[in-house]
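Heads up: the structure comes next, in C-alpha cells.
The values are calculated or read from the model by the stated rules, or taken from the named source; none is laboratory data. This structure is a prediction, so every number in the text was calculated from the model and none was measured. Cβ: placed from backbone, ideal geometry, glycine included. Neighbour counts: every protein chain shown.
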Amino acid sequence: MLQTAQNLADVMKRVGRRDRRAFAELYQATSAKLYGIVFRILGERAVADEVLQEVYVKIWERAADFDAARASPITWMAAIARNRALDEVRRRKPDVPALGRGLDEMPDNLEFAAATDHPLDARERSEELARLMLCLGGLEPNRREMLLLAYYRGMSREALGERFAAPVSTVKTWLRRSLAQLRDCLSR
C-alpha cells in the first residue's frame, strides 16, 4: 500500500518505465479518488467508468512526463481526470440532464469509495486541508465560490460567466488571480 506522496512519486517513475506491477499499485492507490473527481463532474456512473478508463490510459502513456518538482502525483493525475471529464461534458449534448450540475443540484447522499490510508497520510491531508481552508477563507466570497465551482465541481467558464454575470474572459482572469493568491498563501 502506498503511504506517502514520495512513495506515489516513486511508483509513478516505475510506471513511466512501463512497469505493469507499478501501474496496478498506482491504480489501487488512486482509483477511488480519481473516480470521485470524474463522477462529480459527469454525474453518471456508466460514463464516469468509461472516462476513468481513458484517464488511466492517458496516465500510462504520459507517466514518463510526470515531474515531481512541479506537482504531486495525485495532483497531476487529478488534473488529467478533471480535464478528461470536462472534455466529455463539452462533447456531450447540452440536453443530457446529469451534466453541468451546480452545488445545489448534487445529491445529498452521494458517496464515494474510500481507499484505505495510512494514519499518517490522513493526518498530513488533514493539516493540508486546514491550510487550504484558511487560504480559501482569505479570498473574496464570490471568488472562493467561483474557484470551488470550477476546480472542485468542474463547472465550465461559460457556466461560471452566466452564474456570476461576467464575460468568460473576466471569469478566466478572476480564476487565474484567485489561484495565484491561493498558491501564494499555501507556499508560506
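Taking the stretch 75-97 as the search range and keeping residues that are among the β-branched types (Val, Ile, Thr) and surrounded by fewer than 20 Cβ atoms within 10 Å (Cβ to Cβ), which one is modelled with the highest pLDDT? Spell out the reasoning first.
Filtering the stretch 75-97 for residues among the β-branched types (Val, Ile, Thr) gives 75, 80, 89, 96.
So of that shortlist, the ones also surrounded by fewer than 20 Cβ atoms within 10 Å (Cβ to Cβ) come out as 75, 80, 96.
Values: Thr75: 89, Ile80: 93, Val96: 44.
Filtering the stretch 75-97 for residues that are among the β-branched types (Val, Ile, Thr) and surrounded by fewer than 20 Cβ atoms within 10 Å (Cβ to Cβ), the one modelled with the highest pLDDT comes out as Ile80.
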* Asked: Ala32 passes all but one of (1) among the small types (Gly, Ala, Ser); (2) modelled with pLDDT of 90 or more; (3) in a loop (DSSP other than H, G, I, E, B); which number fails?
  -> (3)
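Can you find a residue that is over 21 Å from Ser126 (Cβ atoms), among the small types (Gly, Ala, Ser), touching a residue at least 60 places away in the same chain (Cβ under 8 Å) and part of a helix (DSSP H, G or I) anywhere in the stretch 17-28? Walk me through it before giving the result.
Applying the first criterion (over 21 Å from Ser126 (Cβ atoms)) to the stretch 17-28 yields 17-28.
Next, only the ones that are among the small types (Gly, Ala, Ser) stay: 22, 24.
Okay, now just the ones that are also touching a residue at least 60 places away in the same chain (Cβ under 8 Å), so none.
Scanning the stretch 17-28 turns up no residue that is over 21 Å from Ser126 (Cβ atoms), among the small types (Gly, Ala, Ser), touching a residue at least 60 places away in the same chain (Cβ under 8 Å) and part of a helix (DSSP H, G or I).
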* Tabulated pairs, the stretch 175-188, first in contact (Cβ under 8 Å) with a residue 24 or more places away in the chain, second charged (D, E, K, R) and in a helix (DSSP H, G or I), C-beta under 6 angstrom, 6+ apart or interchain -> Ser178/Arg143
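Considering Ala165, Ala150, Ala180, Ala159, which residue is part of a loop (DSSP other than H, G, I, E, B) and outside the structural domain of Ala29 (by TED's automatic domain parsing)? Steps first, answer last, please.
Working: Ala150 fails: part of a loop (DSSP other than H, G, I, E, B); Ala180 fails: part of a loop (DSSP other than H, G, I, E, B); Ala159 fails: part of a loop (DSSP other than H, G, I, E, B).
Being part of a loop (DSSP other than H, G, I, E, B) and outside the structural domain of Ala29 (by TED's automatic domain parsing) holds for just one of Ala165, Ala150, Ala180, Ala159, which is Ala165.
At pLDDT below 90, of a type outside the set (S, T, N, Q) and surrounded by fewer than 15 Cβ atoms within 10 Å (Cβ to Cβ): which single residue out of Asp67, Asp49 fits that description? Before the answer, list the steps.
Values: Asp49 fails: at pLDDT below 90.
Among Asp67, Asp49, only Asp67 is at pLDDT below 90, of a type outside the set (S, T, N, Q) and surrounded by fewer than 15 Cβ atoms within 10 Å (Cβ to Cβ).
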